[in-house]
Amino acid sequence: MAKATQLQSKASAANSLYRIQDEHDSCGVGFIADVSGKRSNRVLRYGLTALCNLTHRGALDADMKTGDGAGVLTQLPHQLFIKEAKKLGHAVYQDTDLGVGVFFMPVEDDYAEARIRKISETVLKKRGLHFFGWRKVPVSEKILGLKASLTMPVIEHLMVGRPTGMDDDLAYERTLFLARNEIEKLVAKDDIQDFYIASFSHRVISYKALLISTSLEKFYKDLADPEFETAICVYHQRYSTNTFPTWALCQPFRALAHNGEINTIRGNRNFMRAREADLSSDVWGEDIDLLKPVVQPDGSDSASLDNVLEMLMMSGRDILHAMTMLVPPAWRADKTMSPELAAFYEYHRNLIEPWDGPAALAFTDGVTVAACLDRNGLRPARFKLTDDGIFSLGSEVGTVEFDDAHVIEKGRLAPGEMIAIDTSTGKLIRDVEIKARLAASAPYQEWIAEHSIDIATLVDGTPAAPSGDLDILTLTQKQVAFGYTKEELDIILKPMLKDGFEPIGSMGDDTPLAVLSTQPRLLYTYFKQLFAQVTNPPIDPIREKLVMTLATTIGQRRNVLAQTPAHAALVVLDSPIVLDNEFEALIALDDRGHSSHVIDITWPAAEGEAGLQPTIRRICAEAEQAILGGCDSVVLSDRAVD
């Protein structure tokens with residue numbers, strides 16, 4: 001077995017402490033761009049200089065050479081690769097006809113390498129792409145540290161040409177995207193490990209490696225070629241937070257580079273997995289299954305966000321629109337926001353949940369390059385603009401030294417803010433303009449007004465007090481059944497009810513985990529909500545009310561690749577805690593297209609523990625039948641407890 005395969009197999013072994021699900025980053029990130037869109041070698045030089053100045057943002061192994069990873073994502077340098085195409089015996093008539101894939105393949109495994117080549121060439125033929133050939137990427141392995149050298153893949157460029165008769169650049173990019181996904185699926189089907197396509201595009205190309213930033217240019221000889229010209233350079237120095245660095249997880253990814261963590265990552269991944277069954281689009285047709293799984297299983301939190309961004313982008317959404325959907329600002333508490341923009345955020349909340357940071361993101365589709373911060377703004381992003389049109393944004397001041405006499409603007413991104421450069425028009429686009437354009441792109445305000453239902457408009461004041469009192473025996477029995485103890489009644493509930501005070505009995509929780517407790521515990525106590533899953537302290541909606549909300553929606557989530565008025569048809573609740581009158585209003589919405597079905601989840605006490613399993617099966621079957629019958633809300637009710 002190859003050295004790389006041995007090392008990585010050990011890392012992923014079942015008895016190892018390493019878990020791919022725990023991959024997170026806290027890194028240095030930024031981009032350099034020429035606002036005019038003019039390609040030059042100096043943009044690359046500035047980008048590499050900025051990357052070198054972020055060496056302190058990455059970790060270093062004991063060999064003093066192996067880092068957590070560094071890389072750049074640039075526009076495809078046409079002159080350099082047209083020259084390489086000629087060496088392979090092919091002429092390129094238009095610069096944009098050329099496409100290049102960056103392949104990381106298993107080392108010292110001739111069968112796997114040959115199989116990957118065969119699969120790739122077969123897929124290219126199927127997709128109508130012209131196969132130019134394979135190019136061994138010129139590298140200097142002596143630059144690498146021991147661990148990086150042991151795990152270094154075979155790195156090759158797959159060079160292709162535009163399908164005959166295809167004039168649309170986006171259609172060409174989609175064809176390359178589908179080809180990449182199909183190659184990955186077929187290779188995985190053959191159980192070939194340690195394979196990864198870093199990029200496959202006619203717009204951008206990725207150069208990344210498991211090293212420190214100062215070694216990147218020395219490792220990849222292409223980066224020292226004066227014919228390497230680009231107007232965009234996204235750069236990244238990785239610091240993997242208590243996790244295992246690998247070549248594939250170095251950044252930038254295929255569209256973005258990220259500094260921070262996605263604290264909601266488990267929920268984000270699960271929601272995307274749940275949406276896959278509903279994905280459909282005229283853009284993809286029968287190829288829609290090649291998009292699945294949307295989130296690749298072996299990626300970090302940043303890689304997962306990149307997967308979803310790329311899917312939305314390739315499916316027809318502008319890259320700025322897609323990123324604003326995924327990482328929205330805190331909009332509900334902003335009283336100065338226009339109703340049109342608030343409606344944009346309200347509408348897209350129905351499509352997809354936020355990928356919450358902390359996050360500083362630089363991203364590009366090869367034409368537009370941009371950066372944004374998440375709603376909390378806990379990661380820095382500072383920028384400078386020179387009088388000759390060079391725009392530099394990085395995670396700190398000083399990534400590139402410019403003569404202040406030529407700097408015409410300095411600034412930083414605020415929480416939830418975005419800034420972008422469209423190299424096709426030579427325009428720097430500010431946050432206000434980006435958001436105004438997005439808000440005006442569809443009648444979101446009209447769709448929300450017509451289809452969204454705010455539960456607060458359906459109820460009048462607080463719920464009525466229950467009629468009559470329970471006798472003391474029945475009350476005590478119900479308190480025991482629902483897990484209330486005398487301590488909770490006396491120390492927690494009484495002060496809250498009597499004086500409205502926060503109970504001192506809740507200051508700290510020494511209750512054993514339900515699974516370890518010797519006392520009977522209710523089902524919900526076996527589950528805990530995870531938010532700050534990495535390095536950041538938990539926040540709550542009271543102390544952080546500007547950026548947090550308990551508002552939630554109920555109803556059918558529709559195809560995330562589409563945009564219709566029906567996507568707005570959800571019920572909005574200010575809190576997941578529903579009062580009696582709100583609950584009654586909720587289950588009475590059948591006439592407004594929100595049918596609900598109540599399922600009794602109790603069973604006779606006489607059946608004891610034996611009644612649990614058949615009851616769960618009954619609940620599942622009843623819920624499935626309700627959904628198949630057109631119901632879009634299911635209520636699990638324990639009201640029958642007596």
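The values are calculated or read from the model by the stated rules, or taken from the named source; none is laboratory data. All figures in this text were calculated on a predicted structure; none of them were measured in a lab. Glycine also receives a Cβ, built like all others from the backbone with ideal geometry; neighbour counts cover every protein chain displayed. Ligands, DNA and RNA are stripped out before the accessible areas are found, and what is left, the full protein with its side chains, is counted by its heavy atoms. Shrake-Rupley method; radii C 1.70, N 1.55, O 1.52, S 1.80 Å.
Residues in the range 315-345 that are within 15 Å of the chain's Cα centre (by Cα) and not in a loop (DSSP other than H, G, I, E, B): I319, L320, H321, A322, M323, T324, M325, L326.
Take the range 346-396 and flag every residue that is among the small types (G, A, S) and either part of a strand (DSSP E or B) or open to solvent by 20 Å² or more (accessible area, probe 1.4 Å) (or both).
Going through the range 346-396, the residues among the small types (G, A, S) turn out to be 357, 359-360, 362, 366, 370-371, 377, 381, 389, 392, 394-395.
Residues satisfying the conditions are A359, A360, A362, A370, A371, G377, S392, G394.
Residue check: is K86 of a type in the set (K, R), modelled with pLDDT of 90 or more, surrounded by fewer than 19 Cβ atoms within 10 Å (Cβ to Cβ) and assigned to a loop (DSSP other than H, G, I, E, B)? Considered against the rule, which asks whether it is of a type in the set (K, R), modelled with pLDDT of 90 or more, surrounded by fewer than 19 Cβ atoms within 10 Å (Cβ to Cβ) and assigned to a loop (DSSP other than H, G, I, E, B), K86 comes out as no. Only residues that are within 21 Å of A257 (Cβ to Cβ) and either open to solvent by less than 50 Å² (accessible area, probe 1.4 Å) or in contact (Cβ under 8 Å) with a residue 40 or more places away in the chain (or both): list them for the range 397-415, please. Selection gives G398, T399, V400, G411, L413, A414, P415. Only one of the listed residues (T552, T525, T564, T518) is over 30 Å from V308 (Cβ atoms), modelled with pLDDT of 85 or more and within 30 Å of the chain's Cα centre (by Cα). That residue is T525.
Scanning the range 304-326 for residues that are without any contact (Cβ under 8 Å) to a residue 60 or more places away in the chain and either basic (K, R) or farther than 19 Å from A171 by Cβ (or both) turns up S304, L305, D306, N307, V308, L309, R317, M325, L326. Evaluation of A277 against the conditions (1) in a helix (DSSP H, G or I); (2) of a type in the set (G, A, S); (3) touching a residue at least 24 places away in the same chain (Cβ under 8 Å) shows that the sole unmet condition is (3).
Scan the range 544-589 for residues that are of a type in the set (G, A, S) and within 15 Å of Y345 (Cα to Cα) and the total you get is 3. Residues in the range 555-575 that are under 30 Å from S280 (Cβ atoms), touching a strand residue (DSSP E or B) at 6+ places or on another chain (Cβ under 9 Å) and open to solvent by 50 Å² or more (accessible area, probe 1.4 Å): Q556 only. Scanning the range 416-428 for residues that are crowded, with 18+ Cβ neighbours inside 10 Å and over 18 Å from E346 (Cβ atoms) turns up E417, M418, I419, A420, I421, T423. Restricting the range 321-345 to residues that are open to solvent by less than 30 Å² (accessible area, probe 1.4 Å) and among the aromatic types (F, W, Y), the residue that is nearest to R543 (Cα to Cα) is Y345. I82 satisfies every condition listed in (1) farther than 30 Å from L312 by Cα; (2) touching a Leu at 6+ places or on another chain (Cβ under 7 Å); (3) among the β-branched types (V, I, T); (4) touching a residue at least 40 places away in the same chain (Cβ under 8 Å) except (4).
Pull up the range 44-83, narrow it to residues that are small (G, A, S) and not in a helix (DSSP H, G or I), then point me to the one that is surrounded by the fewest Cβ atoms within 10 Å (Cβ to Cβ). That would be A62.
Within the range 69-124, the set of residues being among the aromatic types (F, W, Y), under 22 Å from D168 (Cα atoms) and more than 34 Å from the chain's Cα centre (by Cα) comprises Y93 only. Give D301, D306, D278 a once-over and let me know the one that is open to solvent by 30 Å² or more (accessible area, probe 1.4 Å) and acidic (D, E). When all the criteria are applied, what remains is D278.
Do we find that V283 is assigned to a loop (DSSP other than H, G, I, E, B), touching a helix residue (DSSP H, G or I) at 6+ places or on another chain (Cβ under 8 Å) and either free of Cβ contacts under 8 Å to residues at least 24 places away in the same chain or closer than 30 Å to L546 by Cβ (or both) in this structure? When the stated conditions are applied, V283 does not pass them.
The single condition from (1) small (G, A, S); (2) touching a Ser or Thr at 6+ places or on another chain (Cβ under 8 Å); (3) within 16 Å of L438 (Cβ to Cβ) that S315 fails is (3). The set of residues in the range 126-153 being open to solvent by 30 Å² or more (accessible area, probe 1.4 Å), more than 31 Å from the chain's Cα centre (by Cα) and closer than 24 Å to P245 by Cβ consists of P138, V139, E141, K142, I143, L146.
Taking the condition of a type outside the set (V, I, T), open to solvent by less than 30 Å² (accessible area, probe 1.4 Å) and touching a residue at least 24 places away in the same chain (Cβ under 8 Å), does L458 pass?
Working: of a type outside the set (V, I, T): yes; open to solvent by less than 30 Å² (accessible area, probe 1.4 Å): no; touching a residue at least 24 places away in the same chain (Cβ under 8 Å): yes.
Answer is no for this residue.
Would the range 251-261 turn up any residue that is out of contact with any helix residue (DSSP H, G or I) (no Cβ under 6 Å at 6 or more places or on another chain) and open to solvent by 30 Å² or more (accessible area, probe 1.4 Å)? Within the range 251-261, none of the residues are out of contact with any helix residue (DSSP H, G or I) (no Cβ under 6 Å at 6 or more places or on another chain) and open to solvent by 30 Å² or more (accessible area, probe 1.4 Å).
Does L475 satisfy the criteria of being open to solvent by 60 Å² or more (accessible area, probe 1.4 Å), under 17 Å from D638 (Cβ atoms), free of Cβ contacts under 8 Å to residues at least 24 places away in the same chain and not in a helix (DSSP H, G or I)? Quick ask: steps written out before the conclusion?
Numbers: open to solvent by 60 Å² or more (accessible area, probe 1.4 Å): yes; under 17 Å from D638 (Cβ atoms): yes; free of Cβ contacts under 8 Å to residues at least 24 places away in the same chain: yes; not in a helix (DSSP H, G or I): no.
The answer is no for L475.
Inside the range 108-125, residues that are β-branched (V, I, T) and surrounded by fewer than 18 Cβ atoms within 10 Å (Cβ to Cβ) make up a count of 1.
So that you can scan it fast, the table gives a plain yes or no per residue for (1) at negative phi; (2) touching a Pro at 6+ places or on another chain (Cβ under 9 Å); (3) hydroxyl-bearing (S, T, Y):
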{"site": "G357", "(1), (2), (3)": "yes, no, no"}
{"site": "V369", "(1), (2), (3)": "yes, no, no"}
{"site": "N376", "(1), (2), (3)": "yes, yes, no"}
{"site": "P380", "(1), (2), (3)": "yes, no, no"}
{"site": "D388", "(1), (2), (3)": "yes, no, no"}
{"site": "S392", "(1), (2), (3)": "yes, no, yes"}
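Quick check, is V100 modelled with pLDDT under 95 and under 24 Å from G165 (Cα atoms)? No. Can A436 be described as assigned to a strand (DSSP E or B) and either among the small types (G, A, S) or within 24 Å of the chain's Cα centre (by Cα) (or both)? Here the answer is no, as A436 does not meet what is asked. Residues in the range 608-635 that are more than 31 Å from the chain's Cα centre (by Cα) and among the polar types (S, T, N, Q) were compared, and the one that is least open to solvent (accessible area, probe 1.4 Å) is T615.
The listed residues are D600, D590, D638, and the only one of them that is open to solvent by 60 Å² or more (accessible area, probe 1.4 Å), at pLDDT 95 or above and touching a Ser or Thr at 6+ places or on another chain (Cβ under 8 Å) turns out to be D600.
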